[in-house]
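The values are calculated or read from the model by the stated rules, or taken from the named source; none is laboratory data. Note that the structure is predicted; figures quoted are calculated from it, not measured. So basically every Cβ, Gly included, is an ideal-geometry build from the backbone, and we count neighbours across all protein chains shown.
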Amino acid sequence: MAPYRVGVIGCGRKGTGHARAYALYPDTEVVAAADSDPDNLALFCDRFNLEKGYGDYREMLEREDIDIAAPILPVVAHPEAVIACAEAGVRAIFCEKPMACSLEEADRMVEACRDIPFAAGDAYRSFPQLWDVKALIDAGEIGPVRTINLYQPTDEISGGGCQGLCVMNLFAGDGDIDWVSGWVRDDPATDADQGMGGCVRYNSGIEAFVHCQPSARNGIEVICASGVFFSDWYTFRLWRTADGNKPTRFDQLEEDVGRFPDSGIGDRSYDADGWRVPGFRNQSGVQSIVDALDNGTPPACPGSVMRDALEVAIAFRESHRREHTPVHLPLKDRSLRIVPKDARMYNKKEVQGAEWYADQIGGWTRS
């Protein structure tokens with residue numbers, strides 16, 4: 001079979017990283033690109049040997065035969081671009097995070113993509129190590145999930161914190177949530193993104209706790225009836241009983257040593273071709289969207305899951321506004337939103353400055 005044809009919308013720093021992951025994958029090929037910034041577009045076309053690029057992504061969608069659309073854009077532009085890609089008839093969409101500001105926008109994106117694979121975010125949830133543990137749980141090897149602890153002292157629960165919330169939902173079986181009770185670290189009156197924490201009670205009975213205070217622990221802990229899994233997103237560790245019985249002390253658990261490779265987050269090395277090595281989670285995300293096309297399976301981090309993470313974050317804030325009373329989901333007011341920090345919401349070159357941006361986008365290849 002011919003490789004899936006990829007069209008990248010947004011040829012900046014992050015778009016280049018996504019494109020490199022597609023270029024390295026044997027079943028995908030970057031064939032088209034669009035960006036309103038002519039400098040970004042020219043550099044991208046040179047790097048990926050494209051004869052021409054498009055200043056308007058709608059023209060690209062009209063003229064090019066695209067299988068996978070990759071709108072890697074500021075959040076303010078995400079909803080319109082994702083919906084336009086779906087309406088153009090592409091076969092799959094893989095955008096970045098956060099996917100939208102408001103629940104109404106996220107709902108429209110998910111609905112527009114209801115008949116095609118739609119992935120959102122260069123996400124931790126794409127790590128195959130997490131799915132390995134999920135398979136063990138589903139097989140009953142470490143018992144059912146009882147409690148989940150998510151340790152993430154981020155100051156942007158929608159921006160970076162959506163990562164952990166999506167993994168939390170994975171280990172809760174992506175089940176429906178009964179209620180959320182929570183708090184924000186700064187100001188509950190604002191819609192601006194900030195650190196948040198709280199308790200999430202799933203209809204299944206699973207209880208999850210999001211800890212937003214900085215501490216010696218960072219990552220996710222999944223406590224099952226006869227086993228414990230922990231990851232700090234760099235490493236992955238599993239302890240379980242040898243006989244499957246419920247332990248009464250932690251020292252009755254045995255570690256499954258050597259089962260999981262490290263994630264390699266933070267690898268800034270360059271390969272033999274002079275390109276920076278794309279992130280393992282980004283490459284796993286590409287594998288996931290290809291698997292979705294090949295096998296009809298959901299992507300590892302679907303847009304619907306990223307939408308649910310946004311809803312949990314909004315519910316934390318709404319609970320704080322209501323004197324920390326439980327807030328039942330789904331939220332009825334879909335106009336509720338979280339506004340990401342400017343560097344995610346808008347064009348990074350304009351927010352951070354041209355000099356900073358030139359260094360960032362230039363760093364994808366060895367100078």
Where a residue in region 106-132 is at positive phi and crowded, with 19+ Cβ neighbours inside 10 Å and its partner, wherever it lies, is among the basic types (Lys, Arg) and at pLDDT 95 or above, with Cβ under 9 Å and at least six apart: Gly121/Lys97
Selection from region 138-171 of residues that are of a type in the set (S, T, N, Q), crowded, with 21+ Cβ neighbours inside 10 Å and part of a loop (DSSP other than H, G, I, E, B): Gln152, Ser158
From Leu41, Leu50, Leu61, Leu24, residue being of a type outside the set (Val, Ile, Thr) and within 24 Å of the chain's Cα centre (by Cα): Leu24
Pro278 vs. criteria crowded, with 20+ Cβ neighbours inside 10 Å, more than 25 Å from Asp176 (Cα to Cα), in contact with a Leu (Cβ under 8 Å, 6 or more places away or on another chain) and not hydroxyl-bearing (Ser, Thr, Tyr): yes
Filter result for Ile93 (of a type in the set (A, V, I, L, M, F, W, C), part of a strand (DSSP E or B), more than 20 Å from Arg337 (Cβ to Cβ) and under 23 Å from the mean Cα position of the chain (by Cα)): yes
Search result, residues across region 210-231 that are assigned to a loop (DSSP other than H, G, I, E, B) and under 21 Å from Ala313 (Cβ atoms): Cys212, Gln213, Pro214, Ser215, Arg217, Asn218
Single residue of Gly195, Gly258, Gly266, Gly205 found to be on the phi > 0 side of the Ramachandran plot and under 22 Å from the mean Cα position of the chain (by Cα): Gly266
Any chance Val222 is under 30 Å from Cys113 (Cβ atoms), out of contact with any strand residue (DSSP E or B) (no Cβ under 6 Å at 6 or more places or on another chain) and hydrophobic (A, V, I, L, M, F, W, C): no
Search result, residues across region 210-241 that are surrounded by 15 or more Cβ atoms within 10 Å (Cβ to Cβ) and among the β-branched types (Val, Ile, Thr): Val210, Ile220, Val222, Ile223, Val228, Thr241
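Considering only region 202-209, I want to know if a residue exists there that is crowded, with 20+ Cβ neighbours inside 10 Å and assigned to a loop (DSSP other than H, G, I, E, B).
The initial filter retains those residues of region 202-209 that are crowded, with 20+ Cβ neighbours inside 10 Å, namely 202, 206, 208.
Subset that is assigned to a loop (DSSP other than H, G, I, E, B): 206.
Checking region 202-209: at least one residue is crowded, with 20+ Cβ neighbours inside 10 Å and assigned to a loop (DSSP other than H, G, I, E, B).
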All positions within region 1-53 that are part of a strand (DSSP E or B) and of a type outside the set (A, V, I, L, M): Tyr4, Arg5, Gly7, Thr28, Glu29
Residues that are touching a Gly at 6+ places or on another chain (Cβ under 9 Å) and farther than 15 Å from Ile83 by Cα, drawn from region 55-64: Glu64
Count of region 144-177 residues which are over 14 Å from Ala309 (Cα atoms) and among the acidic types (Asp, Glu): 1
Enumeration of residues in region 242-260 that are exposed (fewer than 12 other Cβ atoms within 10 Å of the Cβ), in contact with a strand residue (DSSP E or B) (Cβ under 8 Å, 6 or more places away or on another chain) and in a loop (DSSP other than H, G, I, E, B): Ala242
Near pairs, Cβ below 7 angstrom, 6+ apart or cross-chain, from region 157-184 (modelled with pLDDT under 95) to any residue that is surrounded by fewer than 21 Cβ atoms within 10 Å (Cβ to Cβ) and assigned to a loop (DSSP other than H, G, I, E, B): Gly159/Lys341; Gly160/Thr154
Any hit, region 300-322, residues being among the acidic types (Asp, Glu) and surrounded by fewer than 15 Cβ atoms within 10 Å (Cβ to Cβ): no
Pick from region 261-316, criterion in a loop (DSSP other than H, G, I, E, B) and under 19 Å from Ile68 (Cβ atoms), ranking: modelled with the lowest pLDDT: Gly279
Tally, over region 31-52, of residues that are of a type in the set (Gly, Ala, Ser) and surrounded by fewer than 21 Cβ atoms within 10 Å (Cβ to Cβ): 2
Candidates Ala135, Ala189, filtered to the one that is in a helix (DSSP H, G or I), surrounded by fewer than 19 Cβ atoms within 10 Å (Cβ to Cβ) and small (Gly, Ala, Ser): Ala135
Odd one out for Pro330 among (1) within 30 Å of Val312 (Cβ to Cβ); (2) in contact (Cβ under 8 Å) with a residue 60 or more places away in the chain; (3) not polar (S, T, N, Q): (2)
Selected residue [under 21 Å from the mean Cα position of the chain (by Cα) and surrounded by fewer than 22 Cβ atoms within 10 Å (Cβ to Cβ)] from Ile83, Ile72: Ile83
